[in-house]
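Visitor: Starting off with a structure, shown below.
The values are calculated or read from the model by the stated rules, or taken from the named source; none is laboratory data. Not measured: the values here are computed from a predicted model. Here the Cβ positions follow ideal geometry from the backbone for every residue, glycine too, while neighbour counts run over all protein chains shown. Each accessible area value is taken on the protein alone, full model and side chains, heavy atoms only, with ligands, DNA and RNA left out. Shrake-Rupley method; radii C 1.70, N 1.55, O 1.52, S 1.80 Å.
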Amino acid sequence: MAGARIGGLRGAFDEHANDPRGRVGDFDGFTAPLEEWGHVLTEAARRGWDVVGLSD
């Protein structure tokens, strides 16, 4: 569901954040980790697992 809607952010990304020299670089570089995280959350939900986030 979110994957289908994330494409709607392309225009805003291109306008405000697109920087080929930057850490993310382009829209595909921005969306790839989000989509991968979505797969993690979907699989965890399917298995009935909880997800824990850790940060510095």
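Visitor: Could you check the stretch 10-55 and list, in sequence order, the residues that are at positive phi and modelled with pLDDT of 90 or more? Step through it out loud before you land on a result.
Guide: Applying the first criterion (at positive phi) to the stretch 10-55 yields 25, 48.
Gly48 - this is the single residue of the stretch 10-55 that is at positive phi and modelled with pLDDT of 90 or more.
Visitor: One residue is enough: does the stretch 10-28 have a residue meeting the conditions part of a helix (DSSP H, G or I), open to solvent by 70 Å² or more (accessible area, probe 1.4 Å), touching a residue at least 12 places away in the same chain (Cβ under 8 Å) and not aliphatic (A, V, I, L, M)?
Guide: Looking through the stretch 10-28, at least one residue is part of a helix (DSSP H, G or I), open to solvent by 70 Å² or more (accessible area, probe 1.4 Å), touching a residue at least 12 places away in the same chain (Cβ under 8 Å) and not aliphatic (A, V, I, L, M).
Visitor: Failed condition for Ile6, given (1) open to solvent by less than 100 Å² (accessible area, probe 1.4 Å); (2) free of Cβ contacts under 8 Å to residues at least 24 places away in the same chain, with all others met?
Guide: Status for Ile6: all satisfied but (2).
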